[in-house]
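> Okay, here's the structure, questions in a sec.
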Amino acid sequence: MLPKLNVNAAGIDIGSAEHWVAVPSDRDEQRVRSFRCFTSDLYAMAQWLKECRIDTVAMESTGVYWIPLLQILETQGFEVKLVNAMHVKNVPGRKTDVLDCQWLQRLYTYGLLNGSFRPTDQVCVLRSYWRHRDNLVRYASSHVLHMQKALTVMNIQLHKVITDITGVTGMRIIRAILAGERDPLVLANMKDRRIQSSVSDIVKSLKGDYRPEHLFALKQAVELYDFYHQQIDACDRQIEDCLSQFDSKVDMTANPAPPSKTGKRKPRRNEPHIDLHTQLYRITGVDFTRINGLNVLSVQTILSEVGLNPHAFPTDKNFASWLGLCPDNRITGGKIKSSKTRAVINRAANAFRLAAQTLHNDASALGAYYRRMRARLGAPKAITAAAHKLARIFYRLWKNGESYQDPAADYYEQKYKERVLKNIKTKARQLGYAITLEPLTGSEVS
């Protein structure tokens, strides 16, 4: 028999309407009970668990129904572990709620379950705000498509002459159209000086069929677009207030935040209108935006998902594995059957991948690494490899509080060349040869 590591453990199978709870057989005559999902029933569950002398609880759920129960149990003093549903599959042919909660309790009693990573409650609050903001941005972007459709059905080809209809020129012209202006020349003269299209081309694009039903659809799309951006601004203020409650890691008077790589510029449409760069430096003590490819938005996404405690991940390898950015080697009979990365849904990993894509034309060591991997493996694998390198650099700065210094692309290429030449010499020595490599002159190379 395996030793019992969690003697006072319970197992809970989460459902949308009711939750099934199992406790050890010697704690109650009815060791399995069901509780409905109402708040009073959740507190009744917590009281019953206390009466059964339960200290820790393992629960399994794939939706969001576990969140209220976990918060209530944690406030009642229980240690709660949320486990992956893939790790607790029941015996085939015996899939019921009663058996599920008993199986959870049994596995957890013997220490065979690991809880999923969850940052501190303060970080979870910030994460909720940031995820909600991301949803608001997506909702606003859907109404951009509605504006584009309304313009297209009126045969107003504004998107053919300007890059973005939600830019300064595009919104200025659209709002003038909704205000009743129909003269194409007057509308075309509203263009910003940075627009490269000529006035005559813009005039041609604005000659359309201004039907009232399509104008009404355009008007509502613009109003909804503006409304969601108002909600995004309100969410930004809430995020700023939440960040101000975090403890400072550095003395901002003695060690002010280094200047941002982007300099002082006006935030773009979907960027927060708050000084996010300074706030992130204050609560972490590290300027992660010095890492090529990472900007303040990606850093905020990563920190809101992983938290502020790097010791939650013992090594950078554990961190990369949790992100799903390292090979998942499946070995059978001494042979690697598959080494594909695990399919995970991780917002932090997506942020690293997006950062890796921006390295294509970057004149840095990371940019040179990405281009070499892209030439050798192709774009998808190169993105994963560069994201993996970014994650490991991020972890080292996060753990040691260091400042990132880019060695530049030339330095990386020189180190790569030295490594290749060393491998050539090693291979020749293994074959019983000693070779001497000398650089060629320009005429000899040609």
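Bear in mind these aren't lab numbers, they're just calculated from the coordinates by the rules spelled out. Only a predicted model underlies this, so the values are computations on that prediction, with no experimental measurement involved. Neighbour counts are summed over all protein chains in view; Cβ atoms, including those assigned to glycine, are modelled from backbone coordinates with ideal geometry.
> Report relative contact order for region 152-228 in percent, whole number only (criteria: Cα-Cα under 8 Å, sequence separation at least 6). All intermediate terms of the calculation are to be shown ahead of the outcome.
Numbers: 62 pairs, mean separation 30.0, N = 77.
The normalised contact order for region 152-228 reaches 39 percent.
> When the helices in the chain are scored as -39500 (n - 2.57) per DSSP H run of 4 or longer and the sum is shared across all residues, what 222 nm value do you end up with, to the nearest 500 deg cm²/dmol?
Helices in the chain give a 222 nm mean residue ellipticity of -16500 deg cm²/dmol.
> What ³J(HN,Hα) values, in whole Hz, does the Karplus curve 6.51 cos²θ - 1.76 cosθ + 1.60 give for region 324-330 when θ = phi - 60°, with x put for Gly and Pro?
My calculation for region 324-330 gives x, 10, 10, x, 9, 5, 10 Hz in order.
> Here is a follow-up. Let me have the relative contact order for the chain, percent, based on Cα pairs under 8 Å that are six or more residues apart.
11
> Related question: Which FRET efficiency value, to the nearest 0.05, do you get for residue 338 and residue 311 by plugging their Cβ-Cβ distance into 1/(1 + (r/R0)^6) with R0 = 25 Å? Before the final figure, lay out each step's value.
On the way: r = 32 Å, r/R0 = 1.26.
With R0 = 25 Å, the Cβ-Cβ based efficiency is 0.20.
> May I ask you to order 365-371, 191-197 by the average number of other C-beta atoms within 10 Å around their residues, highest value first?
In decreasing order of mean packing, 365-371, 191-197 become 365-371, 191-197.
> To continue, here is another question. Pairs of Cα atoms under 8 Å, at least six residues apart: use those to get the relative contact order of region 140-279, whole percent.
29
> How do the peptides 249-261, 219-231, 333-345 rank, highest first, by the average count of neighbouring beta carbon atoms within 10 Å per residue?
Descending packing order for the listed peptides: 219-231, 249-261, 333-345.
> Just one of (i) 44, 22, 20; (ii) 49, 40, 22; (iii) 47, 39, 22 is semi-axes √(5λ) of the Cα gyration tensor in Å as worked out from the coordinates here. Which one is it?
(iii)
> Considering only DSSP beta bridges with both partners in region 9-109, what is the antiparallel share in %, to the nearest 5?
Roughly 45 percent of the beta bridges in region 9-109 run antiparallel, per DSSP.
> Which distance in nm do the two modelled labels at residue 145 and residue 185 give, with both placed 7 Å along the Cα-to-Cβ direction?
With each label point 7 Å from Cα toward Cβ, the separation is 3.9 nm.
> Quote the FRET efficiency, to the nearest 0.05, computed for residue 106 versus residue 76 with a Förster distance R0 of 30 Å and r equal to the Cβ-Cβ distance.
E(calc), rounded to 0.05, equals 0.80.
> So who's got an amide H within less than 5 Å of the one on residue 81, skipping anything under 5 residues away but keeping other chains? H placed 1.01 Å off N, in plane.
For residue 81, the qualifying residues are 57, 58, 59.
> Moving to a separate point now. Could you check the spin-label model distance between residue 408 and residue 372? Points 7 Å from the Cα along Cα→Cβ, value in nm.
The two pseudo-label positions are separated by 1.7 nm.
> When the label point is put 7 Å from the Cα of residue 274 along its Cα-to-beta-carbon vector, which residues of region 292-313 have a backbone N closer than 20 Å?
295-309
> Can you work out the PRE-style zone for residue 419? Point 7 Å along Cα to Cβ, and I want the residues of region 348-387 with backbone N under 17 Å.
Zone members listed by number: 364-378, 382-387.
> Pop the C-beta distance of residue 120 and residue 230 into the FRET formula with R0 = 45 Å and round what comes out to the nearest 0.05.
For R0 = 45 Å, the calculated efficiency reads 0.90.
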